[in-house]
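Step one of this worksheet: look at the structure below.
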Amino acid sequence: MTETVVSSATREVVIGFDRPFVIIGERINPTGRKKLAAEMAAGDFSTVARDAIAQVEAGAHMLDVNAGIPLADEPAILAKTVELVQSLVDVPLSIDSSIVAALEAGLQVYKGKALVNSVTGEEERLEAVLPLVKKYGAAVIAISNDETGISEDPDVRFAVAKKIVERAEDHGIPRCDVIVDPLVMPIGAMGQAGRAAFRLIRRLREELKVNTTCGASNISFGLPNRHGLNAHFLSMAIACGMTSAIMNPLHQEEMTAVLAADVLMGQDPNCLTWLNRFREPAAQGEAGGARGERERRRRRG
Amino acid sequence: MSQQGEELDLRELDDEELVKQIQDDLYDGLKDEVEEGVRILLERGWQPYRVLTEALVEGMRIVGVDFRDGILFVPEVLLAANAMKGGMAILRPLLAETGAPPIGKMVIGTVKGDIHDIGKNLVAMMMEGAGFEVIDLGINCDVDKFLAALEQHRPQILGMSALLTTTMPYMKVVIDTLVERGIRDDYIVLVGGAPLNEAFAEAIGADAYCRDAAVAVETAKALMAKRHNRLAAGA
C-alpha cells in the first residue's frame, strides 16, 4: 500500500490508497488572476493570506503555492509566499513553479516535508528537479508528458510516468514520494479525455503503485456548468483510484463530490465527516434536539 | 434547431435564403450541408471569393461573437470550424485559380520547450474560420523553425503560444531575432497563453496579447485593416 507523507512544522498529511482523498487548495496562484498577480509583484500578500485561511477553513488538507507572474522575480516572491502561508496555516504545502530556481527558493525556506509541483518526463527537467527533491527530502508531482508532447494515448502517458518513477528511484527518491498527474485534458476538445484519464489512473495505481493527483477543472474547459462536470469527474476518478487533486475547496459542488466519494469508497468511517458537514442544523429554540443544552462528550483518543 | 427542422431542399432557396441557411448550418456544425450549399452557390455562378466572404466568413463571424459571449462553447465551435473546413476545401483550389485576394496568412506555433497545443489549435481553427490561411507549425518550435516558415510562407501574421512561465520568455527570443534581422515590422506578432498578459506582450515587443481564440480573430482582423491602411497611405 502506497503512502506519501508530507508535512508542515506541526502537521502530517498522508496521501494514500485506502485513505480519505486529499484536497490540495489551488487558489494561491496568480495565473489568470490579474489583481492577485499585481499585488504579489508589489509585495502585498493580503489576498494570499485571506485565500490561505479560507481554503483551510473550507476543508483543504494541503495548499498549492504558485507565484508565476510574468516579468517578476518569481523565486523571491515564491519564497516569501511560502513563509507567509506557513506562518498562517499549519497544512503542508505544494511548492508550484515551472522555474527550477523558484522551486529551490521555496524549498529553502519551507518547514517540513514539502510536495514539489512538478517534474515532467523531459530530460532537462528530470535532471534539474529530481536532485532538488532528493536534496530537500521532498515528495514530487510527476506530470506524464515529455519532449514529444502530451500523448492522447493513455498507455504512452503511462510509459512516461513509469520512466519518471524509475528515474526518481535512480536519484534515491522512493516510489511512494512520487505522485503522478495523469494530465486531464479538456473533454470539450477531446471526446475521450475522460476515459483516458480513468484508464491511466487505474493503471498507475494497480501497476505502477503510485499515488495520483490532477488539476480536475481542466476537464470542463470551454463548457458551461463547469462545477457540475468537475464534480462528477472527481467522484468518478476517485472511484478509479485517484488519491488527491489540486482544486478549489471553496466550490461547493466539487467538495460535495469528494466527500461523497470518500463515503462511498469506505473512507469516511461511520459517515462522520459527511454527517458533520451536512446535518441539518436544529431549528431555533430547540437547543440542538432532544439532548437539550448538554454538550456532546468528547470522544476519547 | 436544425435537428428538429423539416427536410430542407437547399436548391429551392433563393440566393439570399441559401446564404442565410449556410450560415445557420455552419453555426450548427453541419459539414455536409455547408458543402452542399457552397456547391450550389458555385453552380449558380457565384465567384468563389464571394461564397467565402458572404457565406462562410460571415457565418463564422457570428459563431465567434456567440463564442465570445458565452452562448456557444468549445465543442460547438470545433464542429463549426470543421464544417467551415469542408466548405474551404471546395473553395481553396478555385480561389487559387481565380487569384482572389487572400484575407490573410498566419504562421502559428507553440514555442520551444512547450508542448501545450489545445489553445493554439483553437486559434488556428478560428483563424481559418475567419478565412485566413493558417500554417500550423505545431509544438516546441524554435527560432529557426519560425524563421524558415516566415520566409517560406510570407504571412502577414505570426502567432506564438506558451502555457508555461518558463517557456513564455522564448517569445521574446523570437521577436528579438526578428528585430536583429530587420524584419520585425514585416509581421503582426500576436501572442497568447494562460500565463501571459497585456503587459508581458508589450514588454517583449509583440503587437498584441490575445486572451482567447475569438479575441485573436478580432485582433488579427483589426491589425490587418490598420496595416492595410498604413501601407495604402505609404504607397
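The values are calculated or read from the model by the stated rules, or taken from the named source; none is laboratory data. Please read all numbers here as calculations on a predicted model, not as lab measurements. Cβ placement follows ideal geometry from the backbone for every residue including glycine, while neighbour counts extend to all protein chains displayed. When the accessible area is computed, the model is the full protein with side chains, heavy atoms only, and any ligands, DNA or RNA have been set aside. Shrake-Rupley method; radii C 1.70, N 1.55, O 1.52, S 1.80 Å.
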Mean-position separation - Cα centroids, region A:82-100 and region A:146-186, in angstrom: 23 Å
Projected convex hull area of region B:31-80, Cα atoms, direction-averaged, in nm², equals 3.5 nm²
Straight distance only, please: which lysines reach the Cα of B:Lys145 with their own Cα at less than 19 Å, same-chain residues fewer than 8 apart left out? B:Lys105, B:Lys112, B:Lys120, B:Lys172
Using only Cα atoms, what is the ratio of the radius of gyration of region B:79-211 to 2.2 N^0.38 Å? 1.06
Hey, if you drop one equal point scatterer on each alpha-carbon of region B:133-177 and run the Debye formula without solvent, what base-10 log of I(q)/I(0) do you get at q = 0.25, 0.29 Å⁻¹? -0.99, -1.26
By DSSP, what percent of the beta bridges with both residues in region A:3-300 are antiparallel, rounded to the nearest 5? 20 percent
Cα centroid distance between region B:12-78 and region A:212-236, in Å? 32 Å
Which residues of region B:70-118 bury at least 10 Å² of accessible area once all protein chains are present, versus their chain alone (1.4 Å probe)? B:Phe73, B:Val74, B:Pro75, B:Leu78, B:Gly113, B:Ile115, B:His116, B:Ile118
Pair B:His153, A:Glu169: separation of 7 Å Cα→Cβ label points (nm): 4.4 nm
Give me the residues in region B:154-171 whose solvent-accessible area, probe 1.4 Å, is reduced by at least 50 Å² once all protein chains are included instead of the chain isolated. B:Thr165, B:Thr166
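Can you give the relative contact order of chain A as a percent, counting alpha carbon pairs under 8 Å and 6+ residues apart?
Computed over chain A, the figure is 17 percent.
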Hey, any idea what % of chain B's accessible area is carbon plus sulfur with a 1.4 Å probe? 50 percent
Delta accessible area of at least 50 Å² on complex formation, residues of region A:63-99, 1.4 Å probe, chain isolated as reference: A:Pro70, A:Leu71, A:Ser98
What quantity of accessible surface, computed with a 1.4 Å probe and excluding non-protein components, is buried in total between chains A and B, in Å² to the nearest 100? 1700 Å²
Of the accessible area of region A:3-300, with the probe set at 1.4 angstrom, what percent is carbon plus sulfur? 51 percent
Can you give the Kirkwood hydrodynamic radius for the protein assembly as shown, in Å, rounded to one decimal and based on Cα pairs? 25.6 Å
Mean projected area in nm² (Cα convex hull; one quarter of hull surface) for region A:3-300: 17.3 nm²
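For A:Arg203, A:Arg277, write out the residues from largest to smallest accessible area, computed with a 1.4 angstrom probe and no ligands counted.
Descending accessible area places them as A:Arg277, A:Arg203.
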Angle between chain B longest axis and helix B:118-129 axis [Cα atoms, degrees, rounded to 10]: 50 degrees
Nearest 10 degrees, 0 to 90: helix A:123-135 Cα axis against chain A principal axis: 50 degrees
Expressed as an acute angle from 0 to 90° and rounded to the nearest 10, what is the orientation of the C-alpha long axis of helix A:226-239 relative to the principal long axis of chain A? 80 degrees
Please count, across region A:3-300, the pairs of lysine residues with Cα atoms under 22 Å apart that sit 8 or more places apart or on different chains. 17
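Return the Rg/Rh ratio of region A:83-228 with Cα-based radii and a Kirkwood Rh. Working shown, then result.
Working: Rg = 15.7 Å, Rh = 15.9 Å.
My calculation of the ratio gives 0.99.
At 1.4 Å probe size, with every protein chain present, just tell me what the per residue accessible area of region A:3-300 comes to in Å².
Numbers: 13650 Å² over 298 residues.
I get 46 Å² per residue for this part.
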Which whole-number value in Å³ per residue fits the convex hull of the alpha carbons of chain B? 130 Å³
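Given a Förster distance of 45 angstrom, what is the FRET efficiency for B:Glu17 paired with B:Arg211, based on the Cβ-Cβ distance and rounded to 0.05?
Step by step, r from the Cβ atoms, then E = 0.80.
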